[in-house]
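Read-outs: derived from the displayed coordinates by stated rules, not from any lab. Predicted model, so just to flag it, every value in this text is computed and none were measured. Don't worry about glycine lacking a Cβ; one is built from the backbone with ideal geometry, like all the others, and counts go over all protein chains shown.
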Amino acid sequence: MREQIVIANWKMNGSTEANRLWVEKFLALCGDLTCRTAVCAPFVYLPQMTALLKGSGIEVGAETVSTRAEGAFTGEVSATMLADIGVTLALVGHSERRTLWGEDDEAVALQAERLVATGIKPVVCVGETLEERQANQTEAVVLRQLRAVLERVPADKLGAVAYEPVWAIGTGKTASAEQAQEIHAYIRQVLAAKFGAAAQETAILYGGSCKPSNAAEIFAKEDVDGGLIGGAALKAEDFLGIGKGFAK
Ligand code: PEP
């Protein structure tokens, strides 16, 4: 059976005090974790988060990484540095990085490759804009974004693929469970065409306005193996409620 995962994406939120309180609350409430769980936090808080979550079974991830290995790249953080402080996974290709920081498919593929070289699992975010969906380009966009990464990284080195329709991120508009399943099945087909049976093992997560009230229905679909959670992950109890949404 494929691994089920929920990943928090805190984006540019948090403080040392707020993070400590979030972890305290989450650990007090979570009991035995029902699925693999990770928190992606801003770079500066990663050492704090790895310390706070040590021994909890909850992984700590980064939200992005440099395309470069090391050297004169002011402000950048390398995959080697992330591995050095105990980070085990990292997002690449989040739509905010693609649209606001101009990270293109090639950059995302390079980031994934750098992470894999250090033993960190990339979580590759893909997804179409509203205009692209309306123009029936969803599959073509997802294929292009995914292919760029799969040219450099084999499926068994991926932490997950996260399907995040851009129109659903932070908007309160969620893809229906059927829409999510349709694209997740397509992603699995793309993975299978390149990597055969290994595609059955790759987790494909849904992201986009997931909440405790809608997660269970989406996660119940055959090819949905969990979620990448933004806004709702800022509250420990909501993130926990989403993780408990697995009925499979
Ligand atoms: C995200 O940014 O990865 C995300 C899914 O955000 P939200 O849950 O807020 O839509």
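Please compute the length gained on full extension between Leu21 and Phe73, using 0.36 nm multiplied by the number of residues separating them and subtracting their Cα-Cα distance.
Details: separation 52, 0.36 × 52 = 18.72 nm, distance 3.40 nm.
Length gained, Leu21 through Phe73: 15.3 nm.
Between Ala140, Gly159, Ile85, the Cα set farthest toward the positive side of the dipole of the chain (charges on each charged residue's Cβ, about the Cα centre) is that of Ile85.
The residue among Leu27, Val149, Ala236 whose Cα reaches farthest toward the positive pole of the charge dipole of the chain, with charges on the beta-carbon of Lys, Arg, Asp and Glu, is Leu27. About its Cα centre, segment 73-135 has a charge dipole of approximately 260 debye under the convention of +1 per Lys or Arg Cβ and -1 per Asp or Glu Cβ, with nothing else charged.
Which of the trypsin sites (Lys or Arg not before Pro) across segment 1-87 are loop residues per DSSP, with 12 or fewer other Cβ within 10 Å?
Lys54
Subtracting the Cα-Cα distance of Gln137 and Ala198 from their residue separation scaled by 0.36 nm leaves 19.3 nm.
Residues whose amide H falls under 5 Å from that of Gln4, counting only those 5 or more places apart or on a different chain, are Arg36, with hydrogens built in the peptide plane. Dipole check for the chain: with +1 at the C-beta of Lys and Arg, -1 at the C-beta of Asp and Glu, and the Cα centre as origin, the magnitude is about 340 Debye. Remark: the Asp32-Lys235 segment gains 71.2 nm on full extension, using 0.36 nm per residue and subtracting the alpha carbon distance. Which lysines, if any, have their Cα less than 24 Å from the Cα of Lys211, not counting same-chain residues under 8 positions apart? By straight Cα distance, Lys211 reaches Lys11, Lys25, Lys173, Lys221, Lys235, Lys244, Lys248.
Amide H contacts of Ile85 (H built 1.01 Å from N, in plane; Pro and chain starts excluded): no residue 5 or more places away or on another chain comes under 5 Å.
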